[in-house]
Amino acid sequence: MRRRWTTAVAVSVAGLLALSACGGGDGQEAGGGLKAHKKVEVFSWWTGPGEADGLKAMRKIFAKQNPEFEFFDAAVAGGSGDAARALLSSKLQANQPPDTFQGHAGAELQGYIKSGKLEPVNFLYDELKLKEVFPQQLIDQITVEGQVYSVPVNIHRSNVLWFNPSVLRRAGVDGAPKTVEEFVTDLAKVKKSGKIPLSIGSEWTLVHLFESVLLGSLGTDAYNALWTTGADWSNATVTKALENFKTILSYAGTPQADWQPAAKQVADGKAAFNIMGDWAYSYLHNAPPGGLGKESHKDFDWAASPGTDGTFMWLSDSFTLPKGTPNRDGAIAWLKMAASEEGQDAFNPLKGSIPARKDADRSLYEDYLSWSLEQWSGSKLAGSIQHGVVADDEWRAAITEAVGLFQRDKDVAKFQRALVAAADDSGQ
């Protein structure tokens with residue numbers, strides 16, 4: 001099954017690469033004449049509800065500030081950006097980079113940096129004084145040997161438990177579970193009530209679930225230690241975390257096509273719980289057609305995923321400056337807008353994330369987003385696996401494969417051996 005999925009992705013990438021090559025961007029009309037505007041190809045995976053709205057808001061600001069450029073949306077659909085990253089890799093290998101592309105801050109960008117595909121953007125940080133407005137821990141994550149390679153647009157939280165209050169009440173569950181053990185007990189109660197205890201989506205959402213269970217089982221310090229040199233993935237505490245993951249998976253419903261339909265099961269009262277990043281908020285809360293238009297604290301509610309209260313498992317979307325970009329000036333113009341207070345305040349309330357800047361307008365961030373801002377400033381930090389903070393693409397791919405196999409065979413010992421091998425192969 002894994003092999004069929006990989007083949008399908010490869011076929012899709014080949015088709016998308018052919019289409020993108022036809023997209024142009026050199027400022028030429030078909031007949032050879034010059035266009036009025038030079039295209040700026042912005043590559044992302046922001047195609048779903050909320051994120052597409054946020055991108056549209058940034059696009060309007062960019063057009064107003066840069067009338068000489070024409071925005072070209074090269075977004076590729078697919079949860080968490082897996083399909084987009086596969087296509088991006090093909091484009092970069094073929095020396096056909098977009099003008100700028102979205103990437104998660106942290107380890108995810110390391111491969112591009114090591115292969116010489118990215119240009120440092122320290123000059124922008126100096127010109128725009130970004131080191132004064134971005135949190136230091138974020139700058140540290142995107143700095144390699146003194147060089148900064150991306151401009152972060154936002155901060156997302158990965159470890160969020162979304163739940164339906166009415167479904168919990170009918171099952172006799174009094175609020176969100178605070179520990180992994182309470183979570184398992186509550187899942188059993190929901191199952192007896194006839195509802196889906198835990199909704200899940202496609203393969204990547206299981207890795208997303210896994211990282212929260214791992215953090216909730218180990219605690220922040222032990223979780224963070226797994227990503228340091230010489231980390232021991234074979235110890236008994238990791239084994240217990242994997243057993244917890246197995247138990248929790250046993251209460252999962254039928255996998256949905258992606259994260260949105262899984263979240264919708266909670267909002268519609270078909271399922272009790274879903275663990276997903278805070279981009280789910282914009283989908284659940286925003287009015288149609290961009291969202292479901294559900295009422296928070298009634299149709300859905302949230303808490304830190306079980307066992308992780310006080311820890312913010314974070315990720316950050318950022319944009320880069322590829323070497324050899326066809327329109328370097330246009331790419332820099334996009335990066336400047338994405339880094340600005342205006343750009344981030346237009347994007348993040350719609351995306352369901354908080355700004356990377358410390359000086360953003362806090363009055364724009366209400367409900368869940370207000371809570372998230374408070375949590376970000378007062379919590380311990382842990383990096384996401386699935387979303388590129390702690391593991392580079394090769395390591396993450398190995399973990400994803402191990403999780404996929406575990407979903408089918410439920411063999412904890414085999415799963416742990418695969419995780420140990422993945423860590424060893426990563427060079428940690």
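The values are calculated or read from the model by the stated rules, or taken from the named source; none is laboratory data. Worth saying up front: this structure is predicted, and the values here are computed from it rather than measured. With ideal geometry, Cβ positions are generated from the backbone for all residues, glycine too; neighbour counts draw on all protein chains shown.
Of the residues Phe134, Phe101, Phe163, Phe72, the single one that is out of contact with any strand residue (DSSP E or B) (no Cβ under 6 Å at 6 or more places or on another chain) and among the aromatic types (Phe, Trp, Tyr) is Phe134. Scanning the range 319-335 finds no residues that are under 21 Å from the mean Cα position of the chain (by Cα), within 24 Å of Gly216 (Cβ to Cβ) and not aliphatic (A, V, I, L, M).
Take the conditions (1) part of a strand (DSSP E or B); (2) more than 23 Å from the chain's Cα centre (by Cα); Glu127 misses just one of them, which is (1). Looking only at the range 40-57, decide whether some residue is outside the structural domain of Glu394 (by TED's automatic domain parsing), touching a Ser or Thr at 6+ places or on another chain (Cβ under 6 Å) and under 23 Å from Asp392 (Cβ atoms). No; the residues of the range 40-57 include none that is outside the structural domain of Glu394 (by TED's automatic domain parsing), touching a Ser or Thr at 6+ places or on another chain (Cβ under 6 Å) and under 23 Å from Asp392 (Cβ atoms).
If you go through the range 399-406 one residue at a time, do you hit one that is assigned by TED's automatic domain parsing to the domain that holds Ala222 and closer than 27 Å to Ile139 by Cβ? Can you show your working first?
Taking the range 399-406 first, the residues assigned by TED's automatic domain parsing to the domain that holds Ala222 are 399-406.
Cutting the leftovers down to closer than 27 Å to Ile139 by Cβ gives us 399.
Checked against the condition, which is being assigned by TED's automatic domain parsing to the domain that holds Ala222 and closer than 27 Å to Ile139 by Cβ, the range 399-406 yields at least one hit.
When Gly48 is tested against (1) assigned to a loop (DSSP other than H, G, I, E, B); (2) of a type outside the set (Val, Ile, Thr); (3) crowded, with 19+ Cβ neighbours inside 10 Å; (4) over 14 Å from the mean Cα position of the chain (by Cα), just one condition goes unmet, and that condition is (4).
When Lys35 is tested against (1) modelled with pLDDT of 95 or more; (2) more than 20 Å from the chain's Cα centre (by Cα), only condition (1) is not met.
Could you list, in sequence order, the residues of the range 253-280 that are hydrophobic (A, V, I, L, M, F, W, C) and buried (at least 20 other Cβ atoms within 10 Å of the Cβ)? Residues satisfying the conditions are Trp259, Ala262, Ala263, Val266, Ala267, Ala271, Ala272, Phe273, Ile275, Met276, Trp279, Ala280. Consider Gln407 carefully, then state whether it is outside any helix (DSSP H, G or I), at negative phi and either modelled with pLDDT of 95 or more or surrounded by fewer than 18 Cβ atoms within 10 Å (Cβ to Cβ) (or both). When the stated conditions are applied, Gln407 does not pass them.
Is there a residue being assigned by TED's automatic domain parsing to the domain that holds Arg362, over 23 Å from Met313 (Cα atoms) and either among the polar types (S, T, N, Q) or touching a Leu at 6+ places or on another chain (Cβ under 9 Å) (or both) anywhere in the range 131-143? Looking through the range 131-143, none of the residues is assigned by TED's automatic domain parsing to the domain that holds Arg362, over 23 Å from Met313 (Cα atoms) and either among the polar types (S, T, N, Q) or touching a Leu at 6+ places or on another chain (Cβ under 9 Å) (or both).
In the range 84-109, the residues that are closer than 14 Å to Leu335 by Cα and touching a residue at least 40 places away in the same chain (Cβ under 8 Å) reach residues that are of a type in the set (A, V, I, L, M) and not in a helix (DSSP H, G or I) with C-beta atoms within less than 6 angstrom, at least six apart or across chains, in these pairs: Pro98/Ala74; Asp99/Val40; Thr100/Val42.
Restricting attention to the range 266-305, the residues that are in a helix (DSSP H, G or I), modelled with pLDDT of 95 or more and within 22 Å of Val180 (Cα to Cα) add up to 1. Selection within the range 63-107: residues that are part of a helix (DSSP H, G or I) and of a type in the set (Ser, Thr, Tyr). The member of this set that is nearest to Met313 (Cα to Cα) is Ser80. Screening Phe347, Phe312 for residues that are in contact with a Gly (Cβ under 8 Å, 6 or more places away or on another chain) and either buried (at least 24 other Cβ atoms within 10 Å of the Cβ) or assigned to a strand (DSSP E or B) (or both) leaves exactly one candidate, Phe347. Within the range 287-303, which residues are in contact with a Leu (Cβ under 7 Å, 6 or more places away or on another chain) and not charged (D, E, K, R)? Gly291, Leu292, Phe300, Trp302, Ala303, listed by residue number.
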